[in-house]
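Readers should treat all values here as calculations from the given coordinates under stated rules, not as data from a laboratory. The structure displayed is predicted, hence computed values, not measured ones. Don't worry about glycine lacking a Cβ; one is built from the backbone with ideal geometry, like all the others, and counts go over all protein chains shown.
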Amino acid sequence: MLSLIIFIPLLAALGILLGAPARKTALGAAAAEFLLTLFTFLSYDKAKAGFQFLSSTPIAPEWNLNYLVGVDGLSVLMLLLTGIVTLAAIWVTPKIEKREPLYYACLLFITAGAAGAFASVDLFFLYAFHELALIPTFLLIGIWGSGERHTAAWKITIYLGLGSFILLIGLLDLYLAVPEALRTFNLIDLQKLATSGAIPAAAQTRPYIFLLIGFGILISLFPFHTWAPAAYASAPTPAAMLHAGVLKKFGLYGLMRVAIPLLPEGAKHWANLLLILLVGNIIYVGFATIAQKKLDLLLGYSSVMHMGYIFLGVAAMNTIGLSGAALLMFAHGLSIAALFAMAGMLRANRPQLALDSFGGLAKSMPALAFAFGLAAFASIGLPGFANFASEMTVFFGAYKPAAGLDASHFHLAVIFALWGVVISAVYMLRAYRAIFMGEPSKEAAAWPDPFKALRWPVILLLAVLLIAGFAPGKFLSLVQPTFDAVLPK
Amino acid sequence: MIPSLCLEITVLLLGILMLLVESFSRSDDKRGLAKMAIGILSALVGFSFFVDPASGNAFYAVDATAHFFKVLALLTTIVVLIMALEYSSVLAKYLPGVTPGAGLGEFYSLPVFTCAGLMFMASAVDFLLIFVSLELVTISFYILVAYMRRHTASLEAGVKYLILGALSTGFLVYGITWIFGLTGETNLAAIQHALATKAVATTPLLFGLMLLLTGLGFKVAAVPFQLWVPDVYQGAPTPITAFLSVGSKAAGFVVLLRVLQPFLGVPGVGVKVLAVLALMAALTMLYGNLAALPQDNFKRLLAYSSIGHAGYLLVAVASVSDTKATFGSAGVAVAFYLAGYLLMTLLSFLVLIVVARHSRGDDILHFNGLAKRSPFLAFALLTAMLSLAGVPFTAGFIGKFLVFAAAVQAGKFWLVAIGILTVAAGFYYYLRIVAAMYWQEPGDTTPIKIAPLTRTAIGALTFAVFVFGIFPQPILRQLKDPAFLPSTPVHAAHQSEHGD
């Protein structure tokens, strides 16, 4: 079944390239993807922790390399996110004037890459699947993007290509850190080895820093974040939704799945560095966000900034922090996708998305204004949305980090992070005021509300955010056993 | 079971037969010759799997490595002949001939001789055979590079290749002489035996080895012996450029691995040679990849990229260790990388020939909008570029994966760091082609027609790049425990001692 989740988008993409009707096929595949991930999510047995639905095909027995898929609490949540955002992204796609088949095929390739990475229980495929999304992104931004699209496409592709090669070196170093007879790419076996102490503490620092920087570039960790805002601003709406909502979470997922559990001593060694960088994400990028004058760049920067909170939960290395970070990944993916979707709707009237070119749209587009408000509140972290619940959990986790970490440094970081909430409120509310408040210009008063035609995808995203916000326990209890099992006692 | 030597003899006979037909045939159109050669060489690929493993001798090894590289040589030659067929109309313009199509026979038969040389080289474990087969390859290339007699660039390339090739041969022979003088042997296994048993002065040995590395460095286009590459690659007829960048590189590396083997275990020598190789690897990666960045001509870009790939291969060679590991073993990395490199490079050149003929030029801008003119060709070239850049699920990625695994295992992190930077540079210049094909609008919208044989070859190569990127197992199984010297070195050494 997990293989279906990976191969349905792939096959649909190939079908579209070979001449199947583009939008219908893509939408069908996205719906199937959503239903399958939802089904996996619901049928995952919480009582039994660990990986379920495992299936394996040998690829290279000499290296102990298998195509191995399976899900645990963390990956099932990420798969669900992939399914929801894919459906929403393909649904909101406007009419494509040129080369429609290639457009939808690229989107589906991104989905397949993300789903493959989240479902793989083998390091090699976890890495390889993520890279499947690299070239489609390059094409999507380069062909159908807006603004400085060529610069943005080059920047994201070279940055991510560089990041993934650093990551590859880290994974190889990790693979080779295990004694020769026991080497494997299988994450379950590696986890057992790590728990039993087969990876000596001294051998953990080097692979961890490679992994941190490699994954960090993919997540837009400060100061490697400059690719992200430009790329998201130029990318076509569905590509930005998929990339910011789902694909960027792969790096965080990798830290939670690979770097922290397998190399805990390495993580402790570099904890202070990570703290400094994540405060950079929250404060420095936060101020940069306030300075933005265009909605697409503002959303791009804000998505970089919010990575800081997730890093904070990861850095704490305890179950509370990591669970909060996992839920925050889910929540952030949904809220940023909803915001990008609505920014895309606004693009129809003002392609530049300059904040001062709008104003008073609450009158002409009340439904959009309402939905945008909800998504903005979610993004700031107001109670009722999953973002609030998960950010709180992250703060609790980070306030009392795992043994071996310096709590006072974490206290400092938490204080900075709390100020970050204020920063988010400043830029989100300013943007909201500039776009929706006041009196509309004559021209703007006549604009039709685009939300009516495209409401369902956004409603889907917001509804899941609210459900997870009112019942975060359901989601947290899903991921907690995963982290309990892998974190060092 | 057939004796292994039969393969080379058949190839040589085929070449001679083609020359005879070329001389005595009344027909002007010699394309049938190439098609015949393609058929026979393909059959030989099949026959090579039924070689008697005991048919080797002290000169000529019959092992998995030799078999692997022979198959590579045969496949390369087949694709080169397909390219030559596609290229014949361009070639005819630059040839003085009474009728169009005349004088092309040698263009089809010389690659067959090169192929024989490459195959001999794959088996050569004696300096004499290594030298003779290397010369068979090089001399046929001298003619092929300068084949377009009315094209000044081709002539210039021919002269450059001739002079520098001859010089490098000189270095090689001189190096062999020193090593022979020190050990009294030309057989590699015997040299290994002699080095292990006799006390040999290390300084002259190192001097001889450095001369040898200089000679081989020219063949594989490693910095600082790479200066001939861009002009020769750009000037030579495109099929020959492809042949040079794949065939001579593969042969150079198998010889390098075999030749290095005896010296690695010698105290005070092995470490130094590896250090020199590591330095060459670093410079080659940097030079090839950085110099490729500003190129606007696709053929020249591929020339620089080929230098860059020689750098990655040298990284693997420099990460050789005498401890034998099944994974991360540098030999596997080199062999797999070469196999992947062969597929993707030949694919790029095939597409280049087709596109260049229709767009009348081989600059990057001639690829603008190719995705609209021919989605098939654009996808094939996209595959080749991704593989060259090292994107997962392509053969090129597995190659880089193995190379970097070898380097990490050997603890050569400074090489790894340079490798990461150059890979990022590679992303830029390979994707420039992708950007031209997919982002830009075509200047000329006429669809491109492709000959059936070429179409089949392009399809097969594209498919193979993906298959070996997802299922590397068939190649890995062939390469399991690669030995670069015959498995019975003592026996061979004993024989030659007996001969003394």
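Please determine, in degrees from 0 to 90 and to the nearest 10, the orientation of helix B:127-145 with respect to the longest principal axis defined by the Cα atoms of chain B, where the helix direction is its Cα long axis. Taking the Cα atoms of chain B, the angle to B:127-145 is about 20 degrees. Of the residues A:LEU328, A:LEU298, A:PHE416, the one whose Cα sits farthest toward the positive end of the charge dipole of segment A:270-489, with +1 on the Cβ of Lys and Arg and -1 on the Cβ of Asp and Glu, is A:LEU298.
Centre-to-centre separation between the Cα atoms of segment A:439-482 and those of segment A:45-96: 24 Å. Enumerate the helices in chain A for which the Kyte-Doolittle hydropathy averages 1.0 or more and the C-alpha atoms extend at least 27 Å along the helix's axis, using complete DSSP H runs. Those that clear 27 Å and a mean of 1.0 are A:22-43, A:73-92, A:100-119, A:149-177, A:295-316, A:319-347, A:407-436. Simple point charges give the picture: +1 on the Cβ of Lys and Arg, -1 on the Cβ of Asp and Glu, and for the protein assembly as shown a dipole about the Cα centre of about 2000 debye. With the highest mean first, a sort of the peptides A:294-302, B:287-295 on other beta-carbon atoms found within 10 angstrom per residue produces A:294-302, B:287-295. Of all lysines in the structure, those lying under 19 Å Cα to Cα from A:LYS363, and not within fewer than 8 positions of it along the same chain, are A:LYS442, A:LYS452. For segment A:270-489, the Cβ-based charge dipole about the Cα centre amounts to some 340 debye (Lys, Arg positive; Asp, Glu negative; other atoms uncharged).
Under the convention that each Lys and Arg Cβ holds +1 and each Asp and Glu Cβ holds -1, the size of the dipole of chain A around its Cα centre is about 920 debye. Tell me the angle of helix B:395-409 to the major Cα principal axis of chain B, expressed in degrees between 0 and 90 and rounded to the nearest ten. The helix B:395-409 is inclined about 30 degrees to chain B. Counting Cβ atoms of other protein chains within 10 Å of each residue's Cβ and taking the mean over peptide A:133-141 gives 3.
Checking every one of the GluC sites (Glu not before Pro) in segment A:71-177 against DSSP loop status and a limit of 14 other Cβ atoms within 10 Å picks out A:GLU97, A:GLU148. Here the gap between A:LEU466 and A:ASN272, fully extended at 0.36 nm per residue and compared with their Cα-Cα distance, gives a gain of 66.4 nm. What nm value, rounded to one decimal, do you get for the distance between A:VAL426 and A:LYS400 when each label is placed 7 Å out toward the C-beta? Roughly 3.3 nm, to one decimal.
Can you tell me how segment A:14-73 classifies by the Cα gyration tensor, rounded, prolate or oblate, using a/c under 1.5 as the rounded cut? Oblate shape, in that a/c is at least 1.5 and b/c is the bigger or equal ratio.
Restricting the trypsin sites (Lys or Arg not before Pro) of segment B:5-72 to loop positions (DSSP other than H, G, I, E, B) with no more than 15 neighbouring Cβ atoms within 10 Å leaves B:ARG26. Couplings 3J(HN,Hα) for segment B:210-218, derived from phi with the Karplus relation 6.51 cos²θ - 1.76 cosθ + 1.60 (θ = phi - 60°), are 5, 4, 4, 4, 4, x, 6, x, 4 Hz, where x marks Gly and Pro. Straight-distance candidates among the aspartates and glutamates for linking to B:LYS30, with alpha-carbon spacing under 19 Å and chain neighbours fewer than 8 residues away dropped: B:GLU22, B:GLU86, B:GLU106.
Classify segment A:393-459: rounded, prolate or oblate, from the alpha-carbon gyration tensor (a ≥ b ≥ c, eigenvalue square roots; a/c under 1.5 rounded; otherwise prolate if a/b is larger than b/c)? It is oblate, given that a/c is not under 1.5 and a/b is not larger than b/c.
Shape annotation for segment B:359-449: C-alpha extents along the principal axes are 53, 20, 19 Å, from largest to smallest.
Picking from A:PRO264, A:ALA114, A:ALA201, whose Cα lies most toward the positive end of the charge dipole for segment A:1-265 (charges on Cβ: Lys, Arg +1; Asp, Glu -1)? Result: A:ALA114, furthest along the dipole toward the positive end. Centre-to-centre separation between the Cα atoms of segment B:253-285 and those of segment B:178-218: 13 Å.
Using a cut-off of 14 Å between alpha-carbon atoms, which aspartates and glutamates can reach A:LYS249, once sequence neighbours fewer than 8 places away in the same chain are excluded? Partners within reach: A:GLU131. What does the C-alpha gyration tensor say about the overall shape of segment A:1-265? Classify as rounded when a/c is under 1.5, otherwise prolate if a/b is larger than b/c, or oblate. Verdict is oblate for segment A:1-265. For segment A:270-489, the residue among A:ALA316, A:VAL285, A:ALA444 whose Cα projects farthest onto the positive side of the dipole built from Cβ charges is A:ALA444.
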